[in-house]
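The values are calculated or read from the model by the stated rules, or taken from the named source; none is laboratory data. Because the structure is a prediction, the values reported are computed rather than measured. Cβ coordinates were reconstructed from backbone atoms using ideal geometry, including for glycine residues, and neighbour counts include every protein chain displayed. Accessible surface is based on the protein model in full, side chains and every heavy atom, while ligands, DNA and RNA are left aside. Shrake-Rupley method; radii C 1.70, N 1.55, O 1.52, S 1.80 Å.
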Amino acid sequence: MEYGDADEIEIRGLSILAVHKIEQKLKSQQTLPNIIINSVIIDFYLWDYRRTYSEQLESMPFHKVRSIFY
């Protein structure tokens, strides 16, 4: 998949939407009012999770696009 392809743009857009929906869900169920939740924190968490558990997630397919935007 090349940077800028329709499928790649759709994946990026849907990943933004998914993080937004996670943020909304967490904020609606937040029981600890002093915890800051935003899309940047969620994105960093998901990135760190993927790197921490990369061996366990190896069998899950993912797209790889050479780009500075990831």
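Dipole magnitude of the chain about its Cα centre, charges +1 at Lys/Arg Cβ and -1 at Asp/Glu Cβ only, in debye to the nearest 20? Display every interim value, and only then the final one.
On the way: 8 positive and 10 negative charges, 65 e Å.
Using Cβ point charges on Lys, Arg, Asp and Glu, the chain gives about 320 debye.
Within the chain, what's the longest stretch lacking GluC sites (Glu not before Pro) that sit in DSSP loops with no more than 13 other Cβ atoms inside 10 Å? Please report the intermediate quantities before stating the final value.
On the way: sites that count: 2, 55, 58.
Segment 3-54 is the longest.
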Using alpha carbons only, how many degrees (0 to 90, rounded to 10) separate the axis of helix 39-52 from the longest principal axis of the chain? 60
Which aspartates and glutamates have a Cα less than 18 Å from the Cα of residue 27, not counting those fewer than 8 places away in the same chain? 43
Let me have the relative contact order for the chain, percent, based on Cα pairs under 8 Å that are six or more residues apart. 45
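Please give the length that would be gained between residue 32 and residue 44 if that part of the chain were fully extended, namely 0.36 nm times their separation in residues minus their C-alpha to C-alpha distance (nm, one decimal). Don't jump to the answer; show the numbers that get you there.
Working: separation 12, 0.36 × 12 = 4.32 nm, distance 1.99 nm.
Once the chain is fully extended between residue 32 and residue 44, it gains 2.3 nm.
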Taking the Cα atoms only, what angle lies between the long axis of helix 6-28 and the longest principal axis of the chain, rounded to 10 degrees? 10
How much accessible surface does residue 49 have with a 1.4 Å probe, in Å² rounded to 10? 100
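What net charge do the residues around residue 66 carry, taking every other residue with its C-beta under 13 Å from that of residue 66, with Lys and Arg at +1 and Asp and Glu at -1? Don't skip to the answer; put the middle values down first.
Numbers: positive: 64; negative: 2, 5, 8.
Net charge in that neighbourhood comes out at -2.
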